[in-house]
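The values are calculated or read from the model by the stated rules, or taken from the named source; none is laboratory data. Remember, predicted model here, so these are calculated numbers, not experimental data. Cβ placement follows ideal geometry from the backbone for every residue including glycine, while neighbour counts extend to all protein chains displayed.
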C-alpha cells in the first residue's frame, strides 16, 4: 500500500521516525507530506545540520542560518569550541570552522601546549579553507559550464533558424 502525497499519515510517520532517530526516512516522509519546516526541524533536532542547510537552501527557507548561529553561540558560550567547529563543518561553513580552529590553536600557543597538537589544529584550519576554496571553484565551474551549454544551445537554435 502506498501512502498518497500530502497525507497526514506521512506526517505521523515522520514524527515516529524522528522519535526513534531515523533522520533521513523522517525527512523523506515530511517532504512527501509537504511539511518542509518539519523536515528541517527534524534535521536540527537530530543534529544533521548539513542536511538541514541543504533542505533550507533547496526550499528557500531563510531561518536556518539564524538557528545555526544560535546553536553555535550556545556551544561557544559553554566553551565547547570543538563541537562548534564540528557544527560549522557539518553545515558547510568552512570559513567559520577554520577561524575557530585557528583561534583554538592560537590559544594553545599562548598556553605553551603540545606543539604537535597546535600544528594539527593549524593544518585542520588550512584544510577547511581548502575545502571552501574547492567548493567555490566547483560551483563556479558548474555555473560556467551550465552557462556555456545554454549559450551553445542558443547559438544552435539561431544557426538552425538561418
**Q.** Residue among 62, 48 that alone is outside the structural domain of residue 131 (by TED's automatic domain parsing), at pLDDT below 90 and under 22 Å from residue 127 (Cα atoms)
**A.** 48
Q) With respect to residue 114, is the statement that it is free of Cβ contacts under 8 Å to residues at least 24 places away in the same chain, more than 13 Å from the chain's Cα centre (by Cα) and more than 26 Å from residue 4 (Cβ to Cβ) true? A) yes
**Q.** Qualifying positions in segment 91-125 - part of a helix (DSSP H, G or I) and within 30 Å of residue 58 (Cβ to Cβ)
**A.** 94, 95, 96, 97, 98, 99, 100, 101, 124, 125
Q: Any residue in segment 24-43 that's within 15 Å of residue 2 (Cβ to Cβ): show its pairings with residues that are surrounded by fewer than 24 Cβ atoms within 10 Å (Cβ to Cβ) at Cβ separation under 6 Å, as long as the two are six or more apart or on different chains.
A: 29/10; 29/13; 32/5; 32/10; 33/10; 33/11
(Q) Taking the conditions exactly as written (at pLDDT 90 or above and either under 17 Å from the mean Cα position of the chain (by Cα) or under 30 Å from residue 28 (Cβ atoms) (or both)), does residue 84 satisfy them or not? (A) yes
Q | Residue that is surrounded by 20 or more Cβ atoms within 10 Å (Cβ to Cβ) and under 28 Å from residue 22 (Cβ atoms), where the choices are 67, 82, 121, 55 | A | 55
Q) Hey, any hits in segment 35-42 for a residue that's under 19 Å from residue 93 (Cβ atoms) and within 22 Å of the chain's Cα centre (by Cα)? A) yes
Q) Would you say residue 132 is outside the structural domain of residue 51 (by TED's automatic domain parsing), in a helix (DSSP H, G or I) and either under 13 Å from the mean Cα position of the chain (by Cα) or in contact (Cβ under 8 Å) with a residue 24 or more places away in the chain (or both)? A) yes
